[in-house]
Amino acid sequence: MTQSPFLLSRADAEDALALSDIGRETFTEKFGHLYTPENLEAFLSEFHSPEWYAHALSEPDVAIWVIRNGDGPLAGYGVAGPNTLPVEDPGSLDGEVKRIYVRAGHQGQGLGSRLHRAMLAWLEGSGHDPLYVGVYSDNDGAQKLYRRFGFDKCGEYTFLVGAHEDHEFIFRRKGRAGPKIVTELTNESAAAALDVIRAAFGQNDEADLVSRLRADDDMLFEAVAIEGGQVAGHVALSRLPIEAPNGEIIAASLAPVSVRPDSQSKGLGMILCEAALNWWQGQGAGVTVVLGHPAYYPRFGFSASAARAHLQSPFAEAGDAFMLSDPNGHLDGIEGAKLHYAPAFGI
């Protein structure tokens with residue numbers, strides 16, 4: 001299976017113009033026929049200008065994700081932050097999924113769901129609850145997506161596009177209907193994560209590995225999934241330098257990924273993996289290695305053939321279970337690069 005060409009990452013200040021382009025294009029494609037040219041242009045000029053996106057990117061409590069497809073135009077994007085919708089009994093922790101758009105040529109490939117998961121994880125990890133989204137009353141497809149993620153209609157309001165009044169619905173997800181992804185572990189959640197790892201694997205080896213990585217300060221990233229007030233899953237990224245002819249490349253090992261047995265088959269593993277990989281790509285890195293099920297991890301962009309092409313595998317007997325994700329092409333043109341796992345692995 002080939003590596004996915006789509007990279008999901010946080011936008012940065014240099015993306016303001018590209019975000020304006022895709023914002024204007026996708027809004028016009030979907031809704032442009034509803035408005036006069038004057039109303040449409042007034043709206044686009046105010047809310048889809050490079051200046052609007054530059055300001056949003058500068059706000060610490062607003063986050064924008066983008067889907068990149070190589071060096072071409074952005075394939076999709078999403079915006080999340082504090083709620084600005086006219087809801088009943090607003091609270092200081094209310095969060096909002098503000099925009100999700102995918103270019104027409106890339107729809108039907110699950111990109112909207114990837115953006116939505118990333119935004120929900122960030123909003124809930126930032127302490128927002130409940131979460132809201134505004135949606136055009138005739139946009140049945142978007143309403144179906146939001147319901148799938150636990151949102152229900154809770155109100156209606158008027159949305160202005162220029163001087164045109166749109167009838168909009170407000171959807172709410174209350175009480176963290178889905179799992180909360182937490183990236184700042186407390187002593188309590190860190191200890192609970194070890195219990196989850198032991199339960200998931202039925203042994204102590206993986207939990208002991210995580211403890212050693214923590215002690216050696218080789219852990220790059222950890223996150224836990226909270227479900228029903230308890231830690232239900234855990235994911236880790238550890239330091240994995242790669243020795244290449246042109247110098248060292250900083251990479252990460254995705255291991256272990258654990259979900260408590262009674263919480264499995266609910267998509268928690270996917271949410272945790274995406275949270276870890278989104279964070280790593282957001283650091284400007286992205287090179288990641290995993291030893292795992294060859295039918296599961298390619299959905300995140302991992303490829304056994306890419307690992308064989310670029311790396312010296314310490315797991316020759318693992319076959320297609322040893323996989324590489326290199327969405328930014330750091331290993332292009334490199335063969336036989338050597339991995340240096342953290343000492344905790346004993347490799």
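The values are calculated or read from the model by the stated rules, or taken from the named source; none is laboratory data. Computed from a predicted model, the values in this text were never measured in an experiment. Cβ sites come from the backbone with ideal geometry, for glycine too, and all protein chains shown count toward neighbours. Only protein heavy atoms, including side chains, enter the accessible area calculation; ligands, DNA and RNA are left aside. Shrake-Rupley method; radii C 1.70, N 1.55, O 1.52, S 1.80 Å.
Compute, for the chain, the length of the dipole vector about the Cα centre, with Cβ point charges of +1 (Lys, Arg) and -1 (Asp, Glu) only. Units Debye, rounded to 20.
Numbers: 27 positive and 46 negative charges, 198 e Å.
So the dipole magnitude of the chain works out to roughly 960 debye.
If the convex hull of the alpha-carbon atoms of the stretch 5-59 is projected onto planes in all directions, what is the mean projected area in square nanometres?
Working: hull surface 17.7 nm².
Spelled out: convex hull of the Cα atoms, projected over all directions, averaged, 4.4 nm².
Which value, to two decimals, describes the C-alpha radius of gyration of the stretch 257-347 once divided by 2.2 N^0.38 Å? Let's see the in-between values first.
On the way: Rg = 13.8 Å, N = 91, 2.2 N^0.38 = 12.2 Å.
Dividing the Cα Rg of the stretch 257-347 by 2.2 N^0.38 Å gives 1.13.
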Inset, instruction - Could you pull out every residue, at least 5 positions away or on a different chain, whose amide H is within less than 5 Å of the one on residue 99? Hs are placed 1.01 Å off N in the peptide plane, and Pro or chain starts have none. - result: 79
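For the stretch 178-222, which GluC sites (Glu not before Pro) are in a loop by DSSP, counting at most 12 other Cβ atoms within 10 Å? Don't jump to the answer; show the numbers that get you there.
Details: sites: 184, 188, 206, 222; in loops: 184.
Taking the stretch 178-222 and a limit of 12 other Cβ atoms within 10 Å, the loop GluC sites (Glu not before Pro) found are 184.
Quick one: ranking 10, 68 by accessible area, 1.4 Å probe, largest first, what do you get? Kindly include the intermediate steps, with their values, before the conclusion.
Values: 10 100, 68 60 Å².
The most accessible residue leads, giving 10, 68.
Could you tell me which of rounded, prolate or oblate describes the stretch 105-260, using a ≥ b ≥ c as the square roots of the eigenvalues of the alpha-carbon gyration tensor, with rounded for a/c under 1.5 and, failing that, prolate when a/b is larger than b/c and oblate otherwise?
It is prolate, given that a/c is not under 1.5 and a/b is the larger ratio.
Report the Stokes-Einstein translational diffusion coefficient (µm² s⁻¹, integer) for the stretch 190-299, Rh taken as the Kirkwood radius over Cα pairs, at 25 °C with viscosity 0.890 mPa s. Display every interim value, and only then the final one.
Values: Rh = 14.4 Å.
Approximately 170 µm²/s, per Stokes-Einstein.
Assuming 0.692 mPa s and 37 °C, estimate D for the chain with Stokes-Einstein, Rh taken as the Kirkwood radius over Cα pairs, in µm²/s.
Result for D is 153 µm²/s.
Which percent of the accessible heavy-atom area of the stretch 8-99 goes to carbon and sulfur, probe 1.4 angstrom? Walk me through the numbers on the way to the answer.
Details: 2410 of 4510 Å².
Reported share for carbon and sulfur atoms: 53 percent.
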Inset, instruction - Find how many whole Å separate the alpha carbon centroid of the stretch 146-177 from the alpha carbon centroid of the stretch 28-74. - result: 19 Å
Legend entry - residue 174 accessible area, 1.4 Å probe, all protein chains in place, Å² to nearest 10: 140 Å²
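Once you order the gyration tensor axes a ≥ b ≥ c over the Cα atoms, which shape class does the stretch 64-163 get: rounded for a/c under 1.5, otherwise prolate or oblate by comparing a/b with b/c? Spell out each step's value before the answer.
Working: a/c = 1.82, a/b = 1.41, b/c = 1.29.
Judged from the Cα gyration tensor, the stretch 64-163 comes out prolate (a/c at least 1.5, a/b above b/c).
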Legend entry - Placed amide H near residue 154: partners under 5 Å, 5+ positions off or other chain: 170, 171, 172
Inset, instruction - Just subtract the alpha-carbon distance of residue 201 and residue 332 from 0.36 nm times their residue separation and send over the number in nm, one decimal. - result: 43.7 nm
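Given the Cα atoms of the stretch 20-105, and with Rh set as the inverse mean 1/r over their pairs in the Kirkwood sense, what is Rg to Rh to two decimals? Working shown, then result.
Working: Rg = 14.2 Å, Rh = 14.3 Å.
Dividing the radius of gyration by the Kirkwood radius yields 1.00.
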Legend entry - Rounded accessible area of residue 29 (nearest 10 Å², 1.4 Å probe): 100 Å²
Legend entry - Accessible area of residue 198 in the full protein assembly, 1.4 Å probe (Å², nearest 10): 80 Å²
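When the solvent-accessible surface of protein heavy atoms is calculated with a 1.4 angstrom probe, in what order do 89, 61, 15, 71 fall, highest first?
Working: 89 140, 61 70, 15 15, 71 165 Å².
Putting 89, 61, 15, 71 in descending order of accessible area: 71, 89, 61, 15.
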Legend entry - Tensor-based shape of the stretch 194-240 (alpha-carbon gyration tensor, a/c under 1.5 rounded, otherwise prolate or oblate): oblate
Legend entry - Residue-normalised accessible area of the stretch 176-251, expressed per residue, 1.4 Å probe, Å²: 47 Å²
Legend entry - Spin-label zone in the stretch 216-232 - amide nitrogen under 11 Å from a point set 7 Å from the Cα of residue 266 along the C-beta vector: 225-232
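Leaving out ligands, DNA and RNA, and with a 1.4 Å probe, what % of the accessible surface on the stretch 225-304 is carbon or sulfur? Could you put the intermediate results ahead of the total?
Numbers: 1510 of 2940 Å².
Answer for the stretch 225-304 is 51 percent, counting heavy atoms of protein chains only.
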Legend entry - Per residue solvent-accessible surface (Å²) - the stretch 1-125, probe of 1.4 Å: 47 Å²
